[in-house]
Amino acid sequence: MLSDIRIVEGLFDPWKEIDEFHATYSNLGKICGAMAVFVGTMRDRNEGDAVRSMHLEHYPEMTQTHLKELVAEAMKKHELSAVLLRHRVGVILPGEPIVLVAVWATHRKAAYAGNRFLMEALKSTAPFWKQEELENGEKRWVECNTPG
């Protein structure tokens with residue numbers, strides 16, 4: 001079972017990350033019949049307001065430990081062969097990727113379920129704090145995530 005989990009400051013290309021991971025572990029295509037990918041991007045609106053940017057904060061050791069535990073749980077529960085996870089921190093602009101979750105499994109049912117499990121857990125339990133800057137210059141903390 002393979003996993004590559006990184007918290008990223010600055011812009012990343014989800015498709016390049018997948019290509020590099022897949023190139024490094026080229027055997028995945030032979031042993032896995034399914035791959036499920038989710039890429040989350042920042043919207044320019046939230047709660048009816050125009051949003052200029054978002055700042056994601058975290059405690060590095062706490063967050064990394066939490067993400068490793070989530071991935072281990074997903075791999076065991078959904079029989080995943082590999083997981084690639086990237087999550088942004090710092091300043092993020094509308095249209096930029098925030099999160100990438102790519103999973104490989106023997107069958108599509110496990111891949112879909114494992115990917116969804118990870119995304120829902122990230123949205124509801126991962127220790128990230130989001131502060132939005134609205135178009136009018138006001139800053140506010142995001143108190144609840146959108147439901148899955």
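The values are calculated or read from the model by the stated rules, or taken from the named source; none is laboratory data. Since we're looking at a predicted model, the values are computed, not measured. Neighbour counts are summed over all protein chains in view; Cβ atoms, including those assigned to glycine, are modelled from backbone coordinates with ideal geometry. Heads up: the accessible areas ignore ligands, DNA and RNA and are worked out on the full protein's heavy atoms, side chains in. Shrake-Rupley method; radii C 1.70, N 1.55, O 1.52, S 1.80 Å.
Within segment 46-63, residues that are on the phi > 0 side of the Ramachandran plot reach partners that are of a type in the set (A, V, I, L, M) with beta carbons closer than 9 Å, at six or more positions or on different chains, in the pairs 47/142. Summed over segment 40-55, residues that are open to solvent by 50 Å² or more (accessible area, probe 1.4 Å) and among the small types (Gly, Ala, Ser) total 1.
When segment 1-34 is filtered for residues that are touching a Phe, Trp or Tyr at 6+ places or on another chain (Cβ under 9 Å), of a type in the set (D, E, K, R) and surrounded by fewer than 16 Cβ atoms within 10 Å (Cβ to Cβ), only 6 remains.
Only a single item in (1) open to solvent by less than 20 Å² (accessible area, probe 1.4 Å); (2) within 12 Å of residue 119 (Cα to Cα) is not met by residue 37, and it is number (1). Just checking, does segment 125-148 include any residue being in contact with a Gly (Cβ under 8 Å, 6 or more places away or on another chain), farther than 21 Å from residue 20 by Cα and either assigned to a helix (DSSP H, G or I) or open to solvent by 20 Å² or more (accessible area, probe 1.4 Å) (or both)? No.
Within segment 46-56, one or more residues are polar (S, T, N, Q), closer than 25 Å to residue 9 by Cβ and at pLDDT below 95.
Each residue in segment 26-54 was checked for being farther than 28 Å from residue 137 by Cβ and in contact with a strand residue (DSSP E or B) (Cβ under 6 Å, 6 or more places away or on another chain), and 8 of them qualify.
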